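All of the numbers you see were taken from the coordinates with simple rules; none came from a lab. Because the structure is predicted, anything quoted here is derived from the model rather than measured. Ideal geometry is used to build each Cβ from the backbone, glycine not excepted, and the neighbour counts take in all protein chains shown.
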Amino acid sequence: MRVALVTGGTRGIGAATAEALLAAGSKVAVSYRSNEAQARSFTARTGIAAFRWDVADPEQCLAAVRGVEEACAAPIDILVNNAGITRDAMLHKMSVAQWREVIDVNLGGCFNMCRAVLAGMRARRFGRIVNLGSVNGQSGQAGQTNYAATKAGIVGFTKSLALECAAHNITANVLAPGYTETDMVGAVPPEAMQKILSTIPAGRLATPAEIARCVVFLASDESGFINGMTLSINGGKYMA
């Protein structure tokens with residue numbers, strides 16, 4: 001049985017991914033940063049253990065990986081870097097704090113978590129890493145220079161990591177969702193949402209379950225020859 005860790009895994013795409021990995025036969029753990037009530041509710045509903053730490057803190061990530069592996073009595077085989085935040089503002093109004101927080105969580109967190117699991121994966125000669133990108137990291141989006149920069153950066157990061165790890169039977173791929181039915185997207189004002197929907201040929205948002213199924217595929221043993229790739233799931237909004 002593979003052990004999978006999903007960061008930011010108590011709601012939205014992360015929660016759907018954790019449940020899909022569990023249904024596919026993995027032993028699953030998730031992380032969260034602040035909403036303890038949500039984490040408790042998620043664990044009560046799914047039976048999936050939730051651990052609290054900040055992915056932006058490299059020392060917390062190292063300690064947390066050790067804690068998860070001790071709790072699961074097995075090493076982590078699958079890492080899904082899903083944790084992410086937005087602090088939207090037009091660049092001329094964006095504060096340094098808004099820039100830095102998004103960089104540290106979205107891109108720094110990806111680095112911190114991969115670094116924490118990689119030595120073990122290399123020693124065991126197996127690993128599956130799936131990093132969550134975004135359609136806005138591919139196409140750009142006004143008001144999201146910080147967020148889009150992190151998601152575009154994740155693509156270059158993942159390609160480089162794939163080259164470093166391929167000989168050790170470790171794959172690293174990006175899953176780039178389009179607009180999805182999550183709390184983050186739900187906060188978009190109705191008028192803005194109508195404009196977004198008008199740009200999606202499918203005419204709707206993705207469901208978290210649709211994104212999760214693709215993560216499960218990339219995380220499977222059978223996907224070992226797919227490496228350094230970006231899988232876009234955006235209803236035709238952006239075709240790279």
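Where nothing but the Cβ of Lys and Arg (+1) and of Asp and Glu (-1) is charged, how large is the charge dipole of the chain around its Cα centre, in debye to the nearest 20?
That gives a dipole near 180 debye.
Picking from Pro190, Pro177, Pro58, which is most flexible by a Gaussian network model of the chain using Cα springs under 10 Å?
Pro190
Using helices alone, what [θ] at 222 nm do you get for the chain, with -39,500 (n - 2.57) per DSSP H run of 4 or more residues, divided over all residues and rounded to the nearest 500?
Using -39500 (n - 2.57) per qualifying helix, the result is -14000 deg cm²/dmol.
Take a quick pass over the chain and tell me how many lysine pairs come in under 24 angstrom between Cα atoms, counting only ones 8 or more apart or on separate chains.
Lysine pair count for the chain: 7.
What does the charge add up to near Gly108, with Lys and Arg as +1, Asp and Glu as -1, over the other residues with Cβ less than 15 Å from its Cβ?
Spelling it out: positives minus negatives among the neighbours equals 0.
If I stretch the segment between Glu210 and Arg125 completely, what's the gain in nm (0.36 nm per residue apart, minus their alpha carbon distance), one decimal?
Length difference between fully extended and current span is 27.6 nm.
With the chain treated as a Gaussian network of Cα nodes joined by springs under 10 Å, which of Met184, Met229, Met113 yields the largest mean-square fluctuation?
Between Met184, Met229, Met113, it is Met184 that shows the largest mean-square fluctuation.
Compute the angle between helix 36-46 and the longest alpha-carbon principal axis of the chain, please, reported from 0 to 90 degrees and rounded to the nearest 10.
Roughly 60 degrees between the two axes.
For helix 12-23, what angle does its Cα long axis make with the longest principal axis of the chain, in degrees from 0 to 90 and rounded to 10?
30 degrees
Enter the angle in degrees (range 0 to 90, nearest 10) between the Cα long axis of helix 208-219 and the first principal axis of the Cα atoms of the chain, meaning the one along which they spread out most.
The answer is roughly 40 degrees.
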